[in-house]
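Worksheet for the structure shown next.
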Amino acid sequence: MRAPLPTTPAKTPSDQFRHRERAVFIACSLALFFGQGVVFAGLGVALQAMAAEGGWSAGEAGAAFTAMIVAACIAATLPVWSIGRFGGRRTMTAGALLMATGFLVAARAETPALACLATALAGGGFSLLANTPAFTMISGWSGDRAGPRFGLYLTAGALGNAVGPIAAQAATAALGWRGYWYGTAALALLLAAVLHSLLREPPARAANAGAPRQPLRALRSYAYGVMACAMILTQTALMTVFSAAPGHLSTAGWAAGASAAALGAQGMFGAAATAIGGFLLARTGTRAMLIAALAAQAVGLVALALATRPAVTLLFVPAFGLGTALVTLAVTVMLVEHFGRRAGTAGLALIWTLAGAASAGPWAAGLIADATGSYAPALWALAASLLPLTVASALIRRPADPSANAII
(Lines give C-alpha, C1' and ligand atoms only; values in the text may rest on other atoms or scores of the structure.)
Protein backbone atom coordinates (compact mmCIF):
# COMPACT_ATOMS: atom_id res chain seq x y z
CA MET A 1 0.00 0.00 0.00
CA ARG A 2 1.33 3.42 -0.91
CA ALA A 3 2.03 5.86 1.86
CA PRO A 4 -0.40 8.80 1.96
CA LEU A 5 0.72 12.18 0.69
CA PRO A 6 2.35 14.29 3.41
CA THR A 7 0.26 17.15 4.71
CA THR A 8 3.16 19.61 4.34
CA PRO A 9 6.15 19.64 1.98
CA ALA A 10 8.87 17.66 3.73
CA LYS A 11 12.59 18.07 3.26
CA THR A 12 12.76 14.55 1.84
CA PRO A 13 9.44 14.08 0.01
CA SER A 14 8.29 10.70 -1.19
CA ASP A 15 8.63 9.75 -4.84
CA GLN A 16 4.88 10.19 -5.21
CA PHE A 17 5.06 13.70 -3.80
CA ARG A 18 7.98 14.64 -6.07
CA HIS A 19 6.14 13.28 -9.09
CA ARG A 20 3.10 15.43 -8.33
CA GLU A 21 5.30 18.45 -7.60
CA ARG A 22 6.96 18.11 -11.01
CA ALA A 23 3.61 17.62 -12.75
CA VAL A 24 2.20 20.80 -11.19
CA PHE A 25 5.33 22.75 -12.10
CA ILE A 26 5.21 21.53 -15.72
CA ALA A 27 1.51 22.40 -16.04
CA CYS A 28 2.02 25.89 -14.62
CA SER A 29 5.02 26.51 -16.87
CA LEU A 30 3.15 25.29 -19.96
CA ALA A 31 0.27 27.64 -19.16
CA LEU A 32 2.60 30.63 -18.81
CA PHE A 33 4.48 29.75 -22.00
CA PHE A 34 1.28 29.60 -24.04
CA GLY A 35 -0.42 32.58 -22.41
CA GLN A 36 2.62 34.83 -22.59
CA GLY A 37 3.33 33.85 -26.18
CA VAL A 38 -0.19 34.35 -27.53
CA VAL A 39 -1.92 36.88 -25.28
CA PHE A 40 1.04 39.23 -24.90
CA ALA A 41 3.98 38.61 -27.25
CA GLY A 42 2.06 37.57 -30.36
CA LEU A 43 -0.86 39.95 -29.96
CA GLY A 44 0.83 42.94 -31.59
CA VAL A 45 1.59 40.92 -34.73
CA ALA A 46 -1.99 39.65 -34.99
CA LEU A 47 -3.48 43.09 -34.34
CA GLN A 48 -1.28 44.63 -37.02
CA ALA A 49 -2.64 42.12 -39.55
CA MET A 50 -6.21 42.82 -38.42
CA ALA A 51 -5.65 46.59 -38.56
CA ALA A 52 -4.11 46.42 -42.03
CA GLU A 53 -7.10 44.52 -43.41
CA GLY A 54 -9.71 46.56 -41.57
CA GLY A 55 -8.12 49.97 -42.08
CA TRP A 56 -7.79 50.66 -38.35
CA SER A 57 -5.56 53.44 -37.05
CA ALA A 58 -2.56 52.82 -34.79
CA GLY A 59 -4.58 54.21 -31.88
CA GLU A 60 -7.45 51.76 -32.50
CA ALA A 61 -5.06 48.81 -32.66
CA GLY A 62 -3.34 50.06 -29.51
CA ALA A 63 -6.72 50.29 -27.77
CA ALA A 64 -7.27 46.57 -28.32
CA PHE A 65 -3.91 45.86 -26.72
CA THR A 66 -4.82 48.19 -23.87
CA ALA A 67 -8.14 46.39 -23.32
CA MET A 68 -6.24 43.14 -22.84
CA ILE A 69 -3.92 44.67 -20.24
CA VAL A 70 -6.76 46.36 -18.34
CA ALA A 71 -8.74 43.12 -18.16
CA ALA A 72 -5.68 41.13 -17.10
CA CYS A 73 -4.92 43.56 -14.29
CA ILE A 74 -8.52 43.84 -13.09
CA ALA A 75 -8.65 40.05 -12.90
CA ALA A 76 -5.25 39.76 -11.20
CA THR A 77 -6.66 39.61 -7.66
CA LEU A 78 -9.44 37.16 -8.55
CA PRO A 79 -7.22 34.08 -8.07
CA VAL A 80 -6.63 35.03 -4.41
CA TRP A 81 -10.37 34.63 -3.82
CA SER A 82 -11.00 31.92 -6.40
CA ILE A 83 -8.24 29.58 -5.22
CA GLY A 84 -9.52 29.75 -1.66
CA ARG A 85 -13.05 28.96 -2.80
CA PHE A 86 -12.62 26.61 -5.77
CA GLY A 87 -8.95 25.60 -5.69
CA GLY A 88 -6.06 26.30 -8.02
CA ARG A 89 -6.90 23.47 -10.42
CA ARG A 90 -10.36 24.79 -11.27
CA THR A 91 -9.18 28.40 -11.31
CA MET A 92 -6.41 27.78 -13.84
CA THR A 93 -8.57 25.50 -15.99
CA ALA A 94 -11.26 28.19 -16.11
CA GLY A 95 -8.60 30.67 -17.21
CA ALA A 96 -7.68 28.52 -20.21
CA LEU A 97 -11.36 28.21 -21.18
CA LEU A 98 -11.85 31.97 -20.93
CA MET A 99 -8.79 32.52 -23.12
CA ALA A 100 -10.21 30.14 -25.73
CA THR A 101 -13.44 32.14 -25.73
CA GLY A 102 -11.51 35.35 -26.33
CA PHE A 103 -9.59 33.83 -29.23
CA LEU A 104 -12.83 32.64 -30.86
CA VAL A 105 -14.28 36.15 -30.58
CA ALA A 106 -11.06 37.57 -32.07
CA ALA A 107 -11.44 35.28 -35.08
CA ARG A 108 -14.76 36.99 -35.85
CA ALA A 109 -13.69 40.54 -34.95
CA GLU A 110 -14.48 42.91 -37.81
CA THR A 111 -14.33 46.13 -35.76
CA PRO A 112 -11.95 47.58 -33.16
CA ALA A 113 -14.71 47.36 -30.53
CA LEU A 114 -15.11 43.62 -31.03
CA ALA A 115 -11.34 43.21 -31.02
CA CYS A 116 -11.25 44.98 -27.65
CA LEU A 117 -13.84 42.55 -26.26
CA ALA A 118 -11.83 39.59 -27.55
CA THR A 119 -8.54 40.77 -26.10
CA ALA A 120 -10.21 41.62 -22.78
CA LEU A 121 -11.52 38.06 -22.47
CA ALA A 122 -8.09 36.68 -23.29
CA GLY A 123 -6.42 38.99 -20.77
CA GLY A 124 -8.83 37.99 -18.01
CA GLY A 125 -8.23 34.34 -18.77
CA PHE A 126 -4.48 34.85 -18.61
CA SER A 127 -4.70 36.25 -15.07
CA LEU A 128 -6.62 33.18 -13.93
CA LEU A 129 -3.91 30.76 -15.08
CA ALA A 130 -0.59 32.61 -14.76
CA ASN A 131 1.54 34.49 -12.23
CA THR A 132 -0.54 34.70 -9.01
CA PRO A 133 -2.21 31.25 -9.18
CA ALA A 134 1.00 29.62 -10.38
CA PHE A 135 2.93 31.39 -7.60
CA THR A 136 0.52 29.83 -5.11
CA MET A 137 0.67 26.36 -6.64
CA ILE A 138 4.46 26.23 -7.05
CA SER A 139 5.26 27.66 -3.61
CA GLY A 140 2.68 25.35 -2.03
CA TRP A 141 4.20 22.23 -3.57
CA SER A 142 7.91 23.17 -3.66
CA GLY A 143 8.33 24.90 -0.29
CA ASP A 144 11.96 25.92 0.25
CA ARG A 145 12.84 24.71 -3.27
CA ALA A 146 10.59 27.38 -4.81
CA GLY A 147 13.36 29.89 -5.66
CA PRO A 148 14.93 27.93 -8.53
CA ARG A 149 11.46 26.78 -9.55
CA PHE A 150 10.35 30.39 -9.93
CA GLY A 151 13.37 31.06 -12.13
CA LEU A 152 12.53 28.12 -14.38
CA TYR A 153 8.83 29.04 -14.37
CA LEU A 154 9.57 32.57 -15.53
CA THR A 155 11.89 31.07 -18.14
CA ALA A 156 8.82 29.48 -19.69
CA GLY A 157 7.23 32.93 -19.93
CA ALA A 158 10.36 34.37 -21.50
CA LEU A 159 10.37 31.53 -24.02
CA GLY A 160 6.77 32.44 -24.80
CA ASN A 161 7.93 35.99 -25.45
CA ALA A 162 10.55 34.60 -27.82
CA VAL A 163 8.34 32.16 -29.72
CA GLY A 164 5.12 34.20 -29.72
CA PRO A 165 5.95 36.91 -32.29
CA ILE A 166 7.67 34.48 -34.67
CA ALA A 167 4.83 31.94 -34.46
CA ALA A 168 2.19 34.65 -34.87
CA GLN A 169 3.96 36.08 -37.92
CA ALA A 170 4.30 32.66 -39.55
CA ALA A 171 0.73 31.61 -38.74
CA THR A 172 -0.90 34.83 -39.93
CA ALA A 173 1.14 34.70 -43.14
CA ALA A 174 0.09 31.10 -43.80
CA LEU A 175 -3.47 31.03 -42.43
CA GLY A 176 -4.51 34.65 -42.18
CA TRP A 177 -5.35 36.29 -38.88
CA ARG A 178 -8.67 34.43 -38.61
CA GLY A 179 -6.94 31.07 -38.99
CA TYR A 180 -4.39 32.12 -36.40
CA TRP A 181 -7.07 32.88 -33.83
CA TYR A 182 -8.99 29.66 -34.52
CA GLY A 183 -5.77 27.71 -34.09
CA THR A 184 -4.90 29.37 -30.79
CA ALA A 185 -8.45 28.75 -29.55
CA ALA A 186 -8.01 25.03 -30.21
CA LEU A 187 -4.68 25.05 -28.37
CA ALA A 188 -6.25 26.87 -25.41
CA LEU A 189 -8.90 24.15 -25.14
CA LEU A 190 -6.15 21.53 -25.18
CA LEU A 191 -4.33 23.47 -22.46
CA ALA A 192 -7.48 23.42 -20.31
CA ALA A 193 -7.57 19.62 -20.57
CA VAL A 194 -3.88 19.38 -19.62
CA LEU A 195 -4.30 21.64 -16.60
CA HIS A 196 -7.31 19.70 -15.37
CA SER A 197 -5.36 16.46 -15.73
CA LEU A 198 -2.06 17.46 -14.11
CA LEU A 199 -2.88 20.01 -11.43
CA ARG A 200 -3.64 19.08 -7.83
CA GLU A 201 -4.07 21.30 -4.80
CA PRO A 202 -0.95 21.93 -2.66
CA PRO A 203 -0.93 20.01 0.64
CA ALA A 204 -0.48 23.28 2.53
CA ARG A 205 -3.38 25.04 0.79
CA ALA A 206 -5.75 24.76 3.73
CA ALA A 207 -3.17 26.18 6.09
CA ASN A 208 -2.69 29.21 3.87
CA ALA A 209 -6.35 29.87 3.15
CA GLY A 210 -7.84 33.23 3.93
CA ALA A 211 -6.94 36.77 2.99
CA PRO A 212 -3.64 37.78 4.56
CA ARG A 213 -3.50 41.13 6.31
CA GLN A 214 0.22 41.75 6.07
CA PRO A 215 0.19 43.08 2.46
CA LEU A 216 -1.89 46.04 3.68
CA ARG A 217 1.07 47.07 5.83
CA ALA A 218 3.51 46.15 3.08
CA LEU A 219 1.72 48.50 0.71
CA ARG A 220 2.80 51.41 2.91
CA SER A 221 6.47 50.40 2.90
CA TYR A 222 9.11 51.98 0.69
CA ALA A 223 10.34 48.59 -0.53
CA TYR A 224 6.90 47.50 -1.69
CA GLY A 225 6.35 50.82 -3.46
CA VAL A 226 9.58 50.47 -5.42
CA MET A 227 8.82 46.84 -6.29
CA ALA A 228 5.36 47.80 -7.53
CA CYS A 229 6.70 50.68 -9.62
CA ALA A 230 9.40 48.45 -11.09
CA MET A 231 6.83 45.90 -12.20
CA ILE A 232 4.40 48.53 -13.50
CA LEU A 233 7.02 50.31 -15.60
CA THR A 234 8.46 47.03 -16.83
CA GLN A 235 5.05 45.81 -17.92
CA THR A 236 4.37 49.19 -19.54
CA ALA A 237 7.62 48.94 -21.48
CA LEU A 238 7.04 45.31 -22.41
CA MET A 239 3.47 45.83 -23.62
CA THR A 240 4.40 49.01 -25.49
CA VAL A 241 7.26 47.25 -27.25
CA PHE A 242 5.11 44.26 -28.24
CA SER A 243 2.43 46.62 -29.53
CA ALA A 244 4.62 49.27 -31.18
CA ALA A 245 7.76 47.47 -32.37
CA PRO A 246 6.23 45.83 -35.48
CA GLY A 247 4.97 49.16 -36.79
CA HIS A 248 7.99 51.16 -35.57
CA LEU A 249 10.52 48.89 -37.25
CA SER A 250 8.36 48.64 -40.37
CA THR A 251 8.52 52.41 -40.89
CA ALA A 252 12.31 52.17 -40.47
CA GLY A 253 12.48 49.74 -43.39
CA TRP A 254 12.42 46.43 -41.56
CA ALA A 255 10.54 43.50 -43.08
CA ALA A 256 7.76 42.00 -40.96
CA GLY A 257 9.69 38.77 -40.51
CA ALA A 258 12.82 40.61 -39.37
CA SER A 259 10.99 42.64 -36.72
CA ALA A 260 9.28 39.50 -35.41
CA ALA A 261 12.68 37.78 -35.28
CA ALA A 262 14.11 40.68 -33.24
CA LEU A 263 11.27 40.43 -30.73
CA GLY A 264 11.76 36.68 -30.57
CA ALA A 265 15.50 37.04 -30.03
CA GLN A 266 15.06 39.39 -27.07
CA GLY A 267 12.70 36.84 -25.58
CA MET A 268 15.36 34.16 -25.93
CA PHE A 269 17.81 36.31 -23.99
CA GLY A 270 15.17 36.75 -21.32
CA ALA A 271 14.57 33.01 -21.19
CA ALA A 272 18.26 32.29 -20.73
CA ALA A 273 18.52 34.97 -18.04
CA THR A 274 15.64 33.65 -15.96
CA ALA A 275 16.81 30.05 -16.31
CA ILE A 276 20.15 30.98 -14.79
CA GLY A 277 18.93 33.82 -12.58
CA GLY A 278 16.93 31.63 -10.22
CA PHE A 279 20.10 29.76 -9.28
CA LEU A 280 22.32 32.88 -9.12
CA LEU A 281 20.09 34.91 -6.82
CA ALA A 282 21.69 33.44 -3.71
CA ARG A 283 25.02 34.97 -4.81
CA THR A 284 24.01 38.19 -6.53
CA GLY A 285 21.12 39.20 -4.28
CA THR A 286 17.73 40.37 -5.46
CA ARG A 287 18.42 44.09 -5.01
CA ALA A 288 21.54 44.05 -7.19
CA MET A 289 19.68 42.06 -9.83
CA LEU A 290 16.80 44.55 -9.83
CA ILE A 291 19.13 47.55 -10.23
CA ALA A 292 21.02 46.00 -13.14
CA ALA A 293 17.83 44.80 -14.84
CA LEU A 294 16.17 48.23 -14.76
CA ALA A 295 19.27 49.90 -16.21
CA ALA A 296 19.54 47.29 -18.97
CA GLN A 297 15.89 47.74 -19.84
CA ALA A 298 16.38 51.50 -20.32
CA VAL A 299 19.33 50.88 -22.66
CA GLY A 300 17.22 48.47 -24.70
CA LEU A 301 14.40 50.99 -25.13
CA VAL A 302 16.80 53.66 -26.37
CA ALA A 303 18.25 51.21 -28.88
CA LEU A 304 14.79 50.31 -30.18
CA ALA A 305 13.90 53.99 -30.53
CA LEU A 306 16.95 54.43 -32.80
CA ALA A 307 15.67 51.52 -34.95
CA THR A 308 19.00 50.97 -36.72
CA ARG A 309 20.04 47.39 -37.30
CA PRO A 310 23.21 47.58 -35.16
CA ALA A 311 21.34 49.24 -32.28
CA VAL A 312 18.45 46.78 -32.35
CA THR A 313 20.60 43.69 -32.84
CA LEU A 314 23.46 44.50 -30.46
CA LEU A 315 21.67 46.50 -27.75
CA PHE A 316 17.88 46.14 -27.81
CA VAL A 317 17.79 42.36 -28.21
CA PRO A 318 20.09 41.43 -25.29
CA ALA A 319 19.52 44.41 -22.97
CA PHE A 320 15.74 44.57 -23.16
CA GLY A 321 15.36 40.79 -23.03
CA LEU A 322 17.58 40.46 -19.96
CA GLY A 323 16.16 43.54 -18.26
CA THR A 324 12.45 42.78 -18.47
CA ALA A 325 12.87 39.12 -17.53
CA LEU A 326 15.11 39.73 -14.52
CA VAL A 327 12.96 42.54 -13.10
CA THR A 328 10.05 40.10 -12.88
CA LEU A 329 12.21 37.40 -11.30
CA ALA A 330 13.85 39.77 -8.81
CA VAL A 331 10.56 41.33 -7.66
CA THR A 332 8.82 37.95 -7.34
CA VAL A 333 11.54 36.62 -5.04
CA MET A 334 11.93 39.93 -3.16
CA LEU A 335 8.26 39.82 -2.18
CA VAL A 336 8.79 36.53 -0.38
CA GLU A 337 12.10 37.66 1.13
CA HIS A 338 10.54 40.80 2.60
CA PHE A 339 6.98 39.72 3.43
CA GLY A 340 6.85 35.92 3.52
CA ARG A 341 5.18 33.41 1.21
CA ARG A 342 1.58 33.98 2.27
CA ALA A 343 1.72 37.78 2.24
CA GLY A 344 3.98 37.74 -0.81
CA THR A 345 1.35 35.89 -2.84
CA ALA A 346 -1.32 38.47 -2.07
CA GLY A 347 1.20 41.26 -2.58
CA LEU A 348 2.05 39.90 -6.03
CA ALA A 349 -1.63 39.78 -6.95
CA LEU A 350 -2.00 43.40 -5.86
CA ILE A 351 1.01 44.42 -7.94
CA TRP A 352 -0.47 42.79 -11.03
CA THR A 353 -3.67 44.74 -10.40
CA LEU A 354 -1.73 47.99 -10.03
CA ALA A 355 0.04 47.09 -13.26
CA GLY A 356 -3.18 48.07 -14.98
CA ALA A 357 -1.41 51.39 -15.42
CA ALA A 358 0.65 49.60 -18.08
CA SER A 359 -2.45 49.63 -20.27
CA ALA A 360 -1.77 53.28 -21.01
CA GLY A 361 1.47 52.36 -22.77
CA PRO A 362 0.26 50.86 -26.08
CA TRP A 363 -2.66 53.30 -26.27
CA ALA A 364 -0.48 56.37 -25.62
CA ALA A 365 2.23 55.12 -27.97
CA GLY A 366 -0.38 54.70 -30.71
CA LEU A 367 -1.66 58.24 -30.19
CA ILE A 368 1.90 59.60 -30.24
CA ALA A 369 2.60 57.71 -33.46
CA ASP A 370 -0.57 59.10 -35.04
CA ALA A 371 0.44 62.65 -34.01
CA THR A 372 4.18 62.56 -34.77
CA GLY A 373 4.50 59.78 -37.31
CA SER A 374 6.83 57.77 -35.07
CA TYR A 375 6.79 55.59 -31.96
CA ALA A 376 10.28 56.82 -31.00
CA PRO A 377 9.17 59.61 -28.61
CA ALA A 378 7.15 57.12 -26.56
CA LEU A 379 10.14 54.76 -26.33
CA TRP A 380 12.47 57.58 -25.25
CA ALA A 381 9.99 58.63 -22.55
CA LEU A 382 9.79 55.09 -21.17
CA ALA A 383 13.57 54.81 -21.05
CA ALA A 384 13.85 58.10 -19.15
CA SER A 385 11.23 57.01 -16.60
CA LEU A 386 13.29 53.95 -15.67
CA LEU A 387 16.38 55.89 -14.61
CA PRO A 388 15.09 57.42 -11.33
CA LEU A 389 13.54 54.07 -10.45
CA THR A 390 16.94 52.43 -10.86
CA VAL A 391 18.34 54.82 -8.26
CA ALA A 392 15.36 54.24 -5.96
CA SER A 393 15.94 50.47 -6.11
CA ALA A 394 19.43 50.92 -4.70
CA LEU A 395 17.88 52.43 -1.55
CA ILE A 396 15.76 49.38 -0.69
CA ARG A 397 16.88 48.03 2.67
CA ARG A 398 17.50 44.37 3.20
CA PRO A 399 14.74 42.49 5.08
CA ALA A 400 15.21 42.47 8.84
CA ASP A 401 15.53 38.66 8.93
CA PRO A 402 16.21 37.38 5.39
CA SER A 403 16.57 33.79 6.55
CA ALA A 404 13.06 33.71 7.94
CA ASN A 405 11.44 34.10 4.54
CA ALA A 406 14.18 32.82 2.25
CA ILE A 407 13.12 30.56 -0.56
CA ILE A 408 16.43 30.16 -2.34
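Report the residue count in region 276-288 for those that are in contact (Cβ under 8 Å) with a residue 40 or more places away in the chain and surrounded by fewer than 23 Cβ atoms within 10 Å (Cβ to Cβ). The qualifying residues number 4. Would it be correct to say that Ala170 is of a type in the set (Gly, Ala, Ser), at pLDDT 90 or above and over 22 Å from the mean Cα position of the chain (by Cα)? Yes; evaluated as a whole, the condition is true for this residue. Pairs are defined by a Cβ separation below 8 Å, a sequence spacing of at least 6 or placement on different chains, a first member in region 352-369 that is in contact (Cβ under 8 Å) with a residue 12 or more places away in the chain, and a second member that is acidic (Asp, Glu); the pairs so defined are Gly366/Glu60.
Of the candidates Ser359, Ser374, the single residue that is outside any helix (DSSP H, G or I) and at pLDDT below 85 is Ser374.
Go through region 310-337 and count every residue that is closer than 15 Å to Phe242 by Cα, among the β-branched types (Val, Ile, Thr) and at pLDDT 85 or above. The qualifying residues number 2.
The values are calculated or read from the model by the stated rules, or taken from the named source; none is laboratory data. Nothing here was measured: the structure is a model prediction, and the numbers come from that model. Every residue, glycine as well, gets a Cβ built from its backbone with ideal geometry; the counts of neighbours run over all protein chains shown.
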